Amino acid sequence: MEKLVIEGGIPLKGTVTVSGAKNSVLPLLAACLLTNERCRIKNVPNLRDVSTMIKILRSLGASAEFSNGEVTVEAKNLKSHTADYKLVSTMRASFCVLGPLLGRFRKAKVSLPGGCIIGVRPVDLHIKGIQALGAKVDIQGGYVVVEAKHLSGGNMYLGGAFGSSVLATDNVMMAAVLAKGKTVIESAACEPEVVDLANFLNKMGAKIRGQGTPCIEIEGVRHLHGTDYQVIPDRIEAGTLVLAAAITKGDCVIKGAFKEHLAAVLDKLSDCGVRIEDVDGGLRVRPRKSLKPVNVTTLPYPCFPTDMQAQMMSLMSVTPGVSVFTEKIYPDRFMHVAELNRMGANIMREGPHAIIEGKKLLSGAPVMASDLRASAALVLAGLVAKGRTEISRIYHLDRGYENMELKLQKLGARVWRDRE
């Protein structure tokens, strides 16, 4: 097993390019099941989660090949409509094969993904949306089993206790494109990744409008065709790299960081005192000697993303003053707190809140990654800490960040992989 070793204290400088969006690629790959024609997806990051999704497509009978940042999928001769527990249990996003399998075959059997380290993430909104299209849904032996003689457009409200659901919006949208009639999704997720999926489906021949707003309308079509498509840059990786420059007081250009995708994060960084400028094709982060603490509340897009909460907490840990974080998407998403405190941070958790008293300095220490974004937070802390930080279980990092240590090395960081 590998670990990441970081010698901290170096201001990052230079230019780095953001990879394709993981949370776009996964549903796009699933959407290839909606047609028997070839689809080619470009700008695909080489990640563990992408490899898992390719394995799922192959297990269903599709051919899927990954080479030089492109995945070519042909789902002409599918042999199964069952997504097995052994694969779905390793990656929650694989549950998004439910919608396309139902849309194409009028039946699907997909393992329940279960909970994860950041808390329970139910599939009730997925089921609610699928039922609104006329499908019968049963839970049998840990699997969601859906079937419909006919899929018909319907009106539905997909707002949940913690807001809209990206994956539920994706699943319903993919099932509805081949349903008869018009579907209206109220309280749809507005994330750029949902827009990316809708644009991909439209390029395949779907008729979707309203993507990027809380109301998506879908007019069903009889069939979809294959297409080529380029994935948007990963806004969470972009935000993480922006924060890496900010926390080290570096001067970096982040190519592929779209300002419109990061508005809430950039607004908080501006309030904090970080200098960020538009440059051709990205953003430039420039150093400033002193920063101010800010309070953060995570909410669905376009508000501050839960996937940036842990990384922002690392910055506030070395920003003198008191800041308060409120997690309204996944109230248990604070596994990184104990590990940051091991490095000298002063963070106290109270339910869905974390109170951070910023310090001038963190100290390198052996720490353990618990989930994808927590691992990124520990990398940021290691970049600014005095001494050596060793992060174990970095397979979490590899789920969502392509060659993170190589990108940081390009900016001058002393970071490398080693064996445990």
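Summary of computed values
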quantity: Residues within the stretch 235-253 that are within 28 Å of S164 (Cβ to Cβ) and open to solvent by 10 Å² or more (accessible area, probe 1.4 Å), tallied; calculated: 1
quantity: Any hit, the stretch 12-22, residues being touching a Phe, Trp or Tyr at 6+ places or on another chain (Cβ under 7 Å) and under 15 Å from Y229 (Cβ atoms); calculated: no
quantity: Filter result for A188 (hydrophobic (A, V, I, L, M, F, W, C), within 29 Å of G282 (Cα to Cα), touching a Pro at 6+ places or on another chain (Cβ under 6 Å) and open to solvent by less than 50 Å² (accessible area, probe 1.4 Å)); calculated: yes
quantity: Qualifying residue in the stretch 388-397 (condition: closer than 19 Å to K249 by Cα and surrounded by fewer than 24 Cβ atoms within 10 Å (Cβ to Cβ)); calculated: yes
quantity: Some residue of the stretch 201-223 being in contact with a Phe, Trp or Tyr (Cβ under 8 Å, 6 or more places away or on another chain), crowded, with 20+ Cβ neighbours inside 10 Å and assigned to a helix (DSSP H, G or I); calculated: no
quantity: Residue identified as open to solvent by less than 10 Å² (accessible area, probe 1.4 Å) and closer than 21 Å to A369 by Cβ among I6, I41; calculated: I6
quantity: Checking Q409 against (1) crowded, with 18+ Cβ neighbours inside 10 Å; (2) in a helix (DSSP H, G or I), the condition it does not meet; calculated: (1)
quantity: Which listed residue is touching a strand residue (DSSP E or B) at 6+ places or on another chain (Cβ under 7 Å) and under 26 Å from D228 (Cα atoms), from V166, V195, V184, V177; calculated: V177
quantity: Residue count for the stretch 327-371, restricted to those that are open to solvent by less than 10 Å² (accessible area, probe 1.4 Å) and either assigned to a strand (DSSP E or B) or farther than 30 Å from M1 by Cα (or both); calculated: 4
quantity: Residues within the stretch 271-326 that are β-branched (V, I, T) and within 13 Å of A354 (Cα to Cα), tallied; calculated: 7
quantity: Residue count, the stretch 392-420 (criterion: over 16 Å from A238 (Cβ atoms) and more than 21 Å from the chain's Cα centre (by Cα)); calculated: 11
quantity: Filter pass, A31 being in contact with a helix residue (DSSP H, G or I) (Cβ under 6 Å, 6 or more places away or on another chain), among the small types (G, A, S), surrounded by 21 or more Cβ atoms within 10 Å (Cβ to Cβ) and under 25 Å from V221 (Cα atoms); calculated: yes
quantity: So M308, is it under 18 Å from the mean Cα position of the chain (by Cα) and surrounded by 20 or more Cβ atoms within 10 Å (Cβ to Cβ); calculated: yes
quantity: The stretch 277-286, residues that are of a type outside the set (D, E, K, R) and either open to solvent by 50 Å² or more (accessible area, probe 1.4 Å) or out of contact with any helix residue (DSSP H, G or I) (no Cβ under 9 Å at 6 or more places or on another chain) (or both); calculated: V279, G281
quantity: Residue match in the stretch 299-319 (condition: in a strand (DSSP E or B) and under 21 Å from V242 (Cβ atoms)); calculated: no
quantity: Odd one out for A148, checked against (1) open to solvent by 30 Å² or more (accessible area, probe 1.4 Å); (2) out of contact with any Asp or Glu (no Cβ under 6 Å at 6 or more places or on another chain); (3) more than 21 Å from N199 (Cα to Cα); (4) in contact (Cβ under 8 Å) with a residue 24 or more places away in the chain; calculated: (1)
quantity: Qualifying residue in the stretch 69-77 (condition: buried (at least 24 other Cβ atoms within 10 Å of the Cβ) and among the polar types (S, T, N, Q)); calculated: no
quantity: Filter pass, D332 being farther than 17 Å from G8 by Cα, charged (D, E, K, R) and within 17 Å of the chain's Cα centre (by Cα); calculated: no
quantity: When residues of the stretch 254-271 are limited to those that are open to solvent by less than 10 Å² (accessible area, probe 1.4 Å) and assigned to a loop (DSSP other than H, G, I, E, B), the one nearest to S323 (Cα to Cα); calculated: L262
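A quick yes/no check of all residues on (1) under 22 Å from F162 (Cβ atoms); (2) at pLDDT 90 or above:
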{"site": "V73", "(1), (2)": "no, yes"}
{"site": "S80", "(1), (2)": "no, yes"}
{"site": "A83", "(1), (2)": "no, yes"}
{"site": "C96", "(1), (2)": "yes, yes"}
{"site": "K107", "(1), (2)": "no, yes"}
{"site": "C116", "(1), (2)": "yes, no"}
{"site": "Y143", "(1), (2)": "no, yes"}
{"site": "E147", "(1), (2)": "no, yes"}
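The values are calculated or read from the model by the stated rules, or taken from the named source; none is laboratory data. Just so it is clear, the model here is predicted, and its values are computed rather than measured. As a convention, Cβ positions derive from the backbone with ideal geometry for all residues, glycine included, and neighbour counts pool all protein chains shown. Ligands, DNA and RNA are stripped out before the accessible areas are found, and what is left, the full protein with its side chains, is counted by its heavy atoms. Shrake-Rupley method; radii C 1.70, N 1.55, O 1.52, S 1.80 Å.
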